[in-house]
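S.K.: This structure is in structure tokens; I'll ask about it shortly.
The values are calculated or read from the model by the stated rules, or taken from the named source; none is laboratory data. Fair warning: this is a prediction, and the values are worked out from it, not measured in the lab. No Cβ is skipped: glycine too gets one built from the backbone with ideal geometry, and neighbour counts run over all protein chains shown.
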Amino acid sequence: MATEVAEMATEPQPCLSILAAARLLNNDVTGAEEALAQAPIRNDNDRLRWHLVRAELDRRAGKMEAAQQAMNPFDPSLLRHMRTLGRLFPEVYALRGVTIETPPWTVRCSLAGPVRLWMYDIELQLRSTRPAAGLLALLVTHGGRVSRERALDALDLPGRTPDARRKALSAAVAELREVLGWPDSVVVRGGVLALSEEPTWLEPEYPGPGREDLFCEGRYDPWVVDWRSERAVLN
């Protein structure tokens, strides 16, 4: 869901109607109302987003007639073309008899070169040199979960003291959650760090034989260095 909002906001000069939609998706009804009240309508996309958010606000308030009126001006063929909005607000699209099929929620990661990450085939803004990228690579290569102690030993974290390294690991978890887009994308419980099981995590991409040096290129976490050495010997 967060990625759909990010995709919607990649237009030049994101406007207040996008902000209103994002706030509404985060259940901030008051914030959505405030943003919508100030949102200019400069083009057809602005107009559709404005009416769609208005309809969703009315629907949530139980004002179904007003919600229907907000959506009536739009041709169903136009709504079908705006697929991202339909996935974000399926109930108001249904007021015009339009259903947008939601693709499978998949996440994939490439470790053949700098660490890269995609959700719904949309690449996320993951900085491959950050500890969050090393943590992601560690998790996806270990079945989606590792112990906190394993992560502390395996990752190249800043800090000279154990306490500083633990804080750096917590910061890496927070950063990875922000990249993925929702708070429970990385769960920490009972000394274990785990990726959410809600999406389908596809098998990560690895470098081919003889190119072990490209594994997580640019990273020098102890576990990454060990992986390269072990695979090079095996090959």
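S.K.: Could you say whether any residue in region 57-68 is surrounded by fewer than 20 Cβ atoms within 10 Å (Cβ to Cβ), closer than 30 Å to Val224 by Cα and charged (D, E, K, R)?
M.R.: no
S.K.: Shifting gears a bit: Considering region 83-139 alone, what residues qualify as being under 16 Å from the mean Cα position of the chain (by Cα) and of a type in the set (D, E, K, R)?
M.R.: Answer for region 83-139, where residues must be under 16 Å from the mean Cα position of the chain (by Cα) and of a type in the set (D, E, K, R): Arg87, Arg108, Arg116, Asp121, Glu123, Arg127.
S.K.: Can you spot a residue in region 146-164 that is of a type in the set (Lys, Arg), modelled with pLDDT of 95 or more, more than 15 Å from Arg219 (Cα to Cα) and not in a strand (DSSP E or B)?
M.R.: Yes, the conditions are met somewhere in region 146-164.
S.K.: Here's something else I'd like to know. Between a first residue in region 222-235 that is free of Cβ contacts under 8 Å to residues at least 24 places away in the same chain and within 14 Å of Asp156 (Cα to Cα) and a second residue that is among the small types (Gly, Ala, Ser) and in a helix (DSSP H, G or I), which pairs have beta carbons less than 9 Å apart while being 6 or more apart in sequence or on different chains?
M.R.: Correct list of pairs: Asp226/Ala154.
S.K.: Hey, another quick one. Output yes when any residue across region 181-188 is within 30 Å of Thr102 (Cα to Cα) and assigned to a loop (DSSP other than H, G, I, E, B), and no when none is.
M.R.: yes
S.K.: Pick out the one residue from Val107, Val92 that is of a type outside the set (Phe, Trp, Tyr), assigned to a strand (DSSP E or B) and buried (at least 16 other Cβ atoms within 10 Å of the Cβ).
M.R.: Val107
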